[in-house]
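Student: Let me begin by handing over the structure; questions about it come next.
The values are calculated or read from the model by the stated rules, or taken from the named source; none is laboratory data. Only a predicted model underlies this, so the values are computations on that prediction, with no experimental measurement involved. Cβ: placed from backbone, ideal geometry, glycine included. Neighbour counts: every protein chain shown. Protein only, heavy atoms only, side chains kept; ligands, DNA and RNA dropped before computing areas. Shrake-Rupley method; radii C 1.70, N 1.55, O 1.52, S 1.80 Å.
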Amino acid sequence: MPGLLIKNVPLQLARKLKASAVLHHRSMTREALSILEEGLAQNERRLHWSEPVKGPFPITNAFINRAKRQGRA
């Protein structure tokens, strides 16, 4: 398993991580991994496209091109 070394962690951040680890009964390493996993999972959820909006008529390329031409008149 690959390792990760984080250098120059600000003291306040290290204290917050330690407090969070104590609260969750984990080591600081396990707490940091948990926080990373949670944050990355949230990013993955944001990347998924939602379902397209269904309107009263389909929006086709022809419709878009007509709208562009009308806007230039």
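Student: Determine the order of SER50, SER27 by accessible area, beginning with the largest, at a probe radius of 1.4 Å.
Tutor: SER50, SER27
Student: Same structure again: Would you work out which of LEU40, SER27, GLY3 lies farthest towards the positive end of the dipole of the chain? Charges go on Cβ: Lys and Arg +1, Asp and Glu -1.
Tutor: LEU40
Student: Order GLU44, GLU31, most accessible first, counting only protein heavy atoms with a 1.4 angstrom probe.
Tutor: Final ranking, largest accessible area leading: GLU44, GLU31.
Student: Now for a separate question. Any chance you could give the angle, 0 to 90 degrees and rounded to 10, that helix 28-47 forms with the longest Cα principal axis of the chain?
Tutor: Approximately 0 degrees, to the nearest 10.
Student: Which value, in Å², gives the accessible area per residue of the chain when a 1.4 Å probe is used on the protein heavy atoms?
Tutor: 102
Student: Just subtract the alpha-carbon distance of ARG26 and ARG66 from 0.36 nm times their residue separation and send over the number in nm, one decimal.
Tutor: Full extension of this stretch gives 8.3 nm more.
Student: Hey, another quick one. So what is the calculated 222 nm ellipticity per residue for the chain, using -39500 (n - 2.57) for each DSSP H run with n of 4 or more, over all residues, to the nearest 500 deg cm²/dmol?
Tutor: The helix contribution divided over the chain gives -20000 deg cm²/dmol.
Student: Angle, helix 11-23 long axis vs. longest principal axis of the chain, Cα atoms, 0 to 90°, nearest 10?
Tutor: Between the helix axis and the principal axis of the chain, the angle is about 80 degrees.
Student: OK, next. Leaving ligands, DNA and RNA out of it, report the carbon-plus-sulfur percent of the accessible area of the chain at a 1.4 Å probe.
Tutor: C and S atoms contribute 60 percent here.
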